[in-house]
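The values are calculated or read from the model by the stated rules, or taken from the named source; none is laboratory data. Quick caveat, the model's predicted, so the values are computed rather than measured. Note that we place each Cβ from the backbone using ideal geometry, even for glycine, and neighbour counts take in every protein chain shown.
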Amino acid sequence: MIHVIRTNDPGVRKVLARDAFKGKNLIGRGTYSLVYDAGARSVLKLTIDEPTYNMLRNAKHRHFPRIRLDYGVVGSIAMNQGEFPLFLVKMERLLKLPNGSKAKRLATALSRKVLDATVRHRFCWRLILGDIVGDKAVPQSIRGAVKELAGYCESQLHFQLDMHVGNFMARANGELVIVDPLMDRRVWDNRLEDERRRFGNSQSPQGLSVAT
């Protein structure tokens, strides 16, 4: 896996030197984000994924994370085509999906439906999300969240759906939460180009592939 955001990046190091991160431990990371402990009920999430950041800070549906504090742009990362902003939020602490749980089964089924629709509709997000919203086998509350996501996507550019099972979490009561449903295509393409230049045009580093 390529980590678009890295702790040793100069821009990230500058942000992590702030008071907000003093004494905070890194407890999770993804392709686009770093997650730090912020107490029993909250975490700090530093992300370079602008489409997901913008969606989550305005999300209303209960199947999206609750944002407790929006710090906005706190820094940037330099890549081959310029500077890309870093965003910081304090959000509710969520749990990994327990194996065998209802939430894990639902997330697995939903991610498979999204993948099947992606192949069927050749990455057309309107048709993919439309299939999920219209699928009566999907719980009504989840369809409501996906409908809200589709409405948000109407105003966005340079994104791709990223609803694999790893981008779902749960609350302590077992409720499923859609955490990172989108990815910033511009950031991914820039990091990919950086890696290709690093390893040479004729070679690709191990694990270098298009994010799904």
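Can you name the condition, by its number, that residue 103 falls short on among (1) within 23 Å of residue 175 (Cβ to Cβ); (2) surrounded by fewer than 17 Cβ atoms within 10 Å (Cβ to Cβ)?
Of (1) within 23 Å of residue 175 (Cβ to Cβ); (2) surrounded by fewer than 17 Cβ atoms within 10 Å (Cβ to Cβ), only one is false for residue 103: (2).
Being within 20 Å of residue 117 (Cα to Cα) and either surrounded by fewer than 21 Cβ atoms within 10 Å (Cβ to Cβ) or polar (S, T, N, Q) (or both) is true for just one of 173, 167, 190. Which residue is that?
The unique qualifying residue is 167.
Out of the residues in region 19-51 that are charged (D, E, K, R) and crowded, with 18+ Cβ neighbours inside 10 Å, which is farthest from residue 157 (Cα to Cα)?
Per the stated criteria, the residue is 45.
Taking the condition surrounded by 13 or more Cβ atoms within 10 Å (Cβ to Cβ) and within 16 Å of the chain's Cα centre (by Cα), does residue 146 pass?
Spelling it out, residue 146 is indeed surrounded by 13 or more Cβ atoms within 10 Å (Cβ to Cβ) and within 16 Å of the chain's Cα centre (by Cα).
Quick one: which of 88, 16, 97 is buried (at least 21 other Cβ atoms within 10 Å of the Cβ) and more than 15 Å from the chain's Cα centre (by Cα)?
Every option except 97 fails the conditions.
Which count do you get for residues in region 80-93 that are in a loop (DSSP other than H, G, I, E, B) and free of Cβ contacts under 8 Å to residues at least 60 places away in the same chain?
Going through region 80-93 one residue at a time, the tally reaches 1.
Quick one: in region 29-38, which of the residues that are of a type outside the set (Ser, Thr, Tyr) and at pLDDT 95 or above is nearest to residue 83 (Cα to Cα)?
By that ranking, first place goes to 34.
Identify, please: which residue in region 113-130 is under 21 Å from the mean Cα position of the chain (by Cα) and over 23 Å from residue 184 (Cβ atoms) and is, among those, surrounded by the most Cβ atoms within 10 Å (Cβ to Cβ)?
Here the answer is 113.
Scan (1) under 18 Å from residue 180 (Cβ atoms); (2) outside any strand (DSSP E or B) for the single condition residue 68 breaks and write down its number.
Unmet for residue 68, out of (1) under 18 Å from residue 180 (Cβ atoms); (2) outside any strand (DSSP E or B): (2).
How many of the residues in region 1-59 are in a strand (DSSP E or B), out of contact with any helix residue (DSSP H, G or I) (no Cβ under 6 Å at 6 or more places or on another chain) and in contact (Cβ under 8 Å) with a residue 40 or more places away in the chain?
Adding up the residues that qualify gives 6.
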